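The values are calculated or read from the model by the stated rules, or taken from the named source; none is laboratory data. Every value quoted in this text rests on a predicted model; they were computed, and no experiment measured them. Positions of Cβ are generated from backbone atoms using ideal geometry, with glycine treated the same way; all protein chains shown enter the neighbour counts. Heads up: the accessible areas ignore ligands, DNA and RNA and are worked out on the full protein's heavy atoms, side chains in. Shrake-Rupley method; radii C 1.70, N 1.55, O 1.52, S 1.80 Å.
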Amino acid sequence: NYVREFVIDGLESLESVKIGVSCFRIDEEERDDGICRITNCPNLIELEIGGYSFEDFKSFELSNLNSIQSIEFGNQCFQHVREFVIDGLDSLESVKIGEGCFRIDGWRRDDGVCRITNCPNLRQLEIGDRSFYDFKSFKLSNVNSLQSIKFGGSCFYYADFSLKGE
């Protein structure tokens, strides 16, 4: 419960990461710390994070994951992360984000960026109710294989919205 840095880096044989419910959190209050980073794992195929995990973390980063096909978040994950970027994940096919993820209630409605770009095999994007509620912008581009988008209620309530092909 008191981990403030979660890093997986350079595990070449790793194929799957599954994290259970209510992991890696201290409390629901906003904090200035907490980093979750998964990078340089060329054979990672799936990432699954259970509900209420990393709830009070400030930073989330995925990079150099050339084989990742699916990313799934349970409800209420990463509530204090203000930037969600997925870029250049060539094998990514599915992103599912549960209810109430990546948001802060109240006064902070002037920032927050969600950007999913350059994922040529992304076919499915599903975002649960009230996720990204307070975010300022949403950009989806160069995801030309996208077949299904599902947004729950009150997602991107304050956001400028951009969906673009190549």
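I'd like to check something: does region 23-30 contain any residue that is free of Cβ contacts under 8 Å to residues at least 60 places away in the same chain, surrounded by 20 or more Cβ atoms within 10 Å (Cβ to Cβ) and within 23 Å of C155 (Cα to Cα)? Quick ask: steps written out before the conclusion?
Kept after step one, since they are free of Cβ contacts under 8 Å to residues at least 60 places away in the same chain, are these residues of region 23-30: 23-29.
Filter again for surrounded by 20 or more Cβ atoms within 10 Å (Cβ to Cβ), leaving 24-25.
Next, only the ones that are within 23 Å of C155 (Cα to Cα) stay: none.
Checked against the condition, which is being free of Cβ contacts under 8 Å to residues at least 60 places away in the same chain, surrounded by 20 or more Cβ atoms within 10 Å (Cβ to Cβ) and within 23 Å of C155 (Cα to Cα), region 23-30 yields no hits at all.
Tell me, yes or no, whether region 90-101 has at least one residue that is polar (S, T, N, Q) and within 21 Å of L14 (Cα to Cα). So far as region 90-101 goes, yes, one or more of its residues are polar (S, T, N, Q) and within 21 Å of L14 (Cα to Cα).
With respect to the conditions (1) touching a Ser or Thr at 6+ places or on another chain (Cβ under 9 Å); (2) touching a residue at least 40 places away in the same chain (Cβ under 8 Å); (3) among the hydrophobic types (A, V, I, L, M, F, W, C); (4) part of a loop (DSSP other than H, G, I, E, B), L65 lacks only one, and its number is (2). Considering only residues that are open to solvent by 20 Å² or more (accessible area, probe 1.4 Å) and assigned to a loop (DSSP other than H, G, I, E, B), which ones fall in region 40-62? N40, P42, N43, I45, Y52, K58, listed by residue number. For first residues located in region 42-53 and within 10 Å of S70 (Cβ to Cβ) and at pLDDT 95 or above, partners that are open to solvent by 60 Å² or more (accessible area, probe 1.4 Å) and outside any loop (DSSP other than H, G, I, E, B) and lie 6+ apart or on another chain with Cβ distances below 6 Å form the pairs E48/K18; E48/E72.
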